[in-house]
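The values are calculated or read from the model by the stated rules, or taken from the named source; none is laboratory data. Source: prediction; values computed, not measured. Glycine gets a Cβ as well: all are built from the backbone with ideal geometry, and neighbour counts include every protein chain shown. Note: accessible area is taken over every heavy atom of the protein model, side chains too, but ligands, DNA and RNA are not part of it. Shrake-Rupley method; radii C 1.70, N 1.55, O 1.52, S 1.80 Å.
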Number of protein chains: 2
Amino acid sequence: MIILLDLDEVIADFEGAFLKTFRQRHPELPFIPLEERTTTRIPEQYPAEVIPLIEEIFTEKGFFLSFEPIPGALEAATKILEKGHQAYICTSPLHKSPRCYTEKYEWVLNHLGREWTKRLIITKDKTLVHGDILVDDRPEVKGIMQPTWEHVLYTQPYNTHVKDKRRLTWQEDWESILKI
Amino acid sequence: MIILLDLDEVIADFEGAFLKTFRQRHPELPFIPLEERTTTRIPEQYPAEVIPLIEEIFTEKGFFLSFEPIPGALEAATKILEKGHQAYICTSPLHKSPRCYTEKYEWVLNHLGREWTKRLIITKDKTLVHGDILVDDRPEVKGIMQPTWEHVLYTQPYNTHVKDKRRLTWQEDWESILKI
């Protein structure tokens with residue numbers, strides 16, 4: 001099997017790094033904790049005047065390098081290969097942050113090692129990438145193709161309303177769910 | 001049709017930018033002009049002691065931004081879309097240059113514009129990307145999959161020995177060759 005793994009919020013904790021920086025830098029402003037997030041894009045839940053402060057964080061040097069791994073994610077990625085399957089990190093760039101391209105590479109190098117950098121695919125349209133399964137936290141992953149993969153949701157608070165897809169977290173028995 | 005376009009040596013003149021810098025910086029050293037290049041990778045044609053000088057150029061800030069467009073390439077890319085087809089830039093990173101990820105994005109932004117940055121796919125294994133045609137200068141494009149695309153060679157001096165593939169340059173009637 002070829003298993004495509006989304007990076008942000010599946011392998012790397014984008015939300016956690018953002019919240020940490022935002023709260024440190026703007027302790028006077030209200031923030032949305034992860035459990036109250038209802039949309040895929042963070043800025044959508046903040047007032048318009050706060051969005052430039054959010055984008056400042058997203059685009060600054062080192063932001064994409066600062067993410068902690070999602071607990072269990074690195075072990076899961078390694079386990080997929082150990083079980084004889086193929087795994088790739090299939091990630092979309094953040095439109096406003098050109099730096100994220102190289103920083104995504106460096107994140108994978110730092111946390112998974114050089115061999116995994118060869119398994120990094122950066123594309124806005126994931127439907128163009130061949131695979132059997134895509135593990136992704138977005139409620140819908142769309143593009144120009146009918147994808148070859150089944151979209152398995154990585155459960156996050158903002159996708160719990162989706163009922164028509166299989167779902168997992170690395171804290172569950174994800175191997176049984178993926179049947180690998 | 002979905003047409004995947006390799007970036008280096010098909011759209012962007014990697015060889016030209018390298019030679020220009022190498023000759024300026026090391027006028028005392030012999031160099032291999034494009035017409036005498038016989039391998040896909042430049043360092044393979046240079047003596048071992050020169051390779052660090054080559055890699056210094058490949059990895060320095062701005063190198064991937066310094067490429068001139070291959071004549072006719074930008075017009076061809078635009079024409080494919082105008083004719084109602086889909087086109088994507090499908091490029092592999094240079095292993096030794098993490099900077100190339102973001103600089104490839106910036107090159108596309110600078111030369112083709114923001115809409116085209118959404119059409120950028122960076123992957124080591126191009127066989128995982130769905131398409132009808134891949135225009136690429138490498139004699140062989142291999143990966144883990146049987147690709148969906150036909151590999152059409154972009155003619156360069158180091159691939160003229162390949163006889164079993166269709167080929168083109170942007171100076172020829174490439175639209176007839178691609179049947180678009």
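Six or more apart or on different chains, Cβ atoms under 9 Å: show the pairs whose first residue is in the stretch A:160-173 and not assigned by TED's automatic domain parsing to the domain that holds A:Leu34 and whose second is modelled with pLDDT of 95 or more and open to solvent by 80 Å² or more (accessible area, probe 1.4 Å).
Note: pairs meeting the criteria are A:His161/A:Thr38; A:Val162/A:Glu140; A:Trp170/A:Pro71; A:Trp170/A:Glu75; A:Gln171/A:Pro71.
Might you let me know whether the stretch A:34-50 holds any residue that is without any contact (Cβ under 8 Å) to a residue 12 or more places away in the chain and under 14 Å from the mean Cα position of the chain (by Cα)?
There is at least one residue in the stretch A:34-50 that is without any contact (Cβ under 8 Å) to a residue 12 or more places away in the chain and under 14 Å from the mean Cα position of the chain (by Cα).
Please verify whether the stretch B:159-170 includes one or more residues that are open to solvent by less than 30 Å² (accessible area, probe 1.4 Å), closer than 22 Å to A:Pro98 by Cα and outside any strand (DSSP E or B). Write out each step before concluding.
In the first step, residues of the stretch B:159-170 are kept if they are open to solvent by less than 30 Å² (accessible area, probe 1.4 Å); the result is B:159, B:162, B:168-170.
Filter once more, so that each one left must be closer than 22 Å to A:Pro98 by Cα: none.
The answer is no, given that none of the residues of the stretch B:159-170 is open to solvent by less than 30 Å² (accessible area, probe 1.4 Å), closer than 22 Å to A:Pro98 by Cα and outside any strand (DSSP E or B).
Among residues belonging to the stretch A:83-99 that are at the interface with another protein chain (Cβ under 9 Å from one of its Cβ atoms) and either without any contact (Cβ under 8 Å) to a residue 12 or more places away in the chain or charged (D, E, K, R) (or both), point out the one that is surrounded by the most Cβ atoms within 10 Å (Cβ to Cβ).
The residue in question is A:Arg99.
For the stretch B:125-146, check the following and say yes or no: at least one residue is out of contact with any Leu (no Cβ under 8 Å at 6 or more places or on another chain), closer than 28 Å to B:Ile54 by Cβ, among the acidic types (Asp, Glu) and modelled with pLDDT of 95 or more.
There is at least one residue in the stretch B:125-146 that is out of contact with any Leu (no Cβ under 8 Å at 6 or more places or on another chain), closer than 28 Å to B:Ile54 by Cβ, among the acidic types (Asp, Glu) and modelled with pLDDT of 95 or more.
Residue-by-condition table, conditions (1) outside the structural domain of A:Trp116 (by TED's automatic domain parsing); (2) surrounded by 12 or more Cβ atoms within 10 Å (Cβ to Cβ); (3) of a type in the set (Asp, Glu); (4) not in a helix (DSSP H, G or I):
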{"site": "A:Lys20", "(1), (2), (3), (4)": "yes, yes, no, no"}
{"site": "A:Thr40", "(1), (2), (3), (4)": "yes, yes, no, yes"}
{"site": "A:Glu44", "(1), (2), (3), (4)": "yes, yes, yes, no"}
{"site": "A:Phe58", "(1), (2), (3), (4)": "yes, yes, no, no"}
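Let me confirm something: among A:Thr127, A:Thr102, which residue is surrounded by 16 or more Cβ atoms within 10 Å (Cβ to Cβ), without any contact (Cβ under 8 Å) to a residue 12 or more places away in the chain and either away from every other protein chain (no Cβ under 11 Å) or of a type in the set (Ser, Thr, Tyr) (or both)?
One residue alone meets the criteria, A:Thr102.
Is it fair to say A:Glu75 is among the charged types (D, E, K, R), open to solvent by 60 Å² or more (accessible area, probe 1.4 Å) and over 13 Å from the mean Cα position of the chain (by Cα)?
yes
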